[in-house]
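Bear in mind that the values in this text are calculations on the coordinates, not laboratory data. From a predicted model like this one, the values you see are computed outputs, not experimental measurements. Backbone-built Cβ (ideal geometry, glycine too); neighbour counts: all protein chains shown.
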Amino acid sequence: MANRRMFSKGICKSTKFLKMPSEAQNLYFHLNLSADDDGVVEAFNVMREIRM
């Protein structure tokens, strides 16, 4: 897993993103933080960790 992450302000401040439920926004950040350098992530494990 990589140690550095960048989040796009364009995505995070977009109307579509801000209209999503807070749970979906939270999942977006957790999935990005758990992704490897190629963007691959085991979504089930992340969802279990954050108890979704």
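Residue under question is residue 45, and the condition is that it be in a helix (DSSP H, G or I), touching a Ser or Thr at 6+ places or on another chain (Cβ under 8 Å) and on the phi < 0 side of the Ramachandran plot; does it hold?
It is true that residue 45 is in a helix (DSSP H, G or I), touching a Ser or Thr at 6+ places or on another chain (Cβ under 8 Å) and on the phi < 0 side of the Ramachandran plot.
Identify all residues within region 24-52 that are among the acidic types (Asp, Glu) and farther than 17 Å from residue 7 by Cα; write none if there are none.
Of everything in region 24-52, those that are among the acidic types (Asp, Glu) and farther than 17 Å from residue 7 by Cα turn out to be 42, 49.
So, in region 8-27, how many residues would count as being polar (S, T, N, Q) and assigned to a helix (DSSP H, G or I)?
4
Kindly check whether there is at least one residue in region 29-38 that is surrounded by 10 or more Cβ atoms within 10 Å (Cβ to Cβ), assigned to a helix (DSSP H, G or I) and either touching a residue at least 40 places away in the same chain (Cβ under 8 Å) or of a type in the set (S, T, N, Q) (or both).
So far as region 29-38 goes, yes, one or more of its residues are surrounded by 10 or more Cβ atoms within 10 Å (Cβ to Cβ), assigned to a helix (DSSP H, G or I) and either touching a residue at least 40 places away in the same chain (Cβ under 8 Å) or of a type in the set (S, T, N, Q) (or both).
Take the conditions basic (Lys, Arg) and on the phi > 0 side of the Ramachandran plot and apply them to residue 5. Does it pass?
no
List the number of the failed condition for residue 5; all other conditions in (1) out of contact with any Asp or Glu (no Cβ under 9 Å at 6 or more places or on another chain); (2) assigned to a helix (DSSP H, G or I); (3) surrounded by 10 or more Cβ atoms within 10 Å (Cβ to Cβ) hold.
Checking residue 5 against (1) out of contact with any Asp or Glu (no Cβ under 9 Å at 6 or more places or on another chain); (2) assigned to a helix (DSSP H, G or I); (3) surrounded by 10 or more Cβ atoms within 10 Å (Cβ to Cβ), the one that fails is (2).
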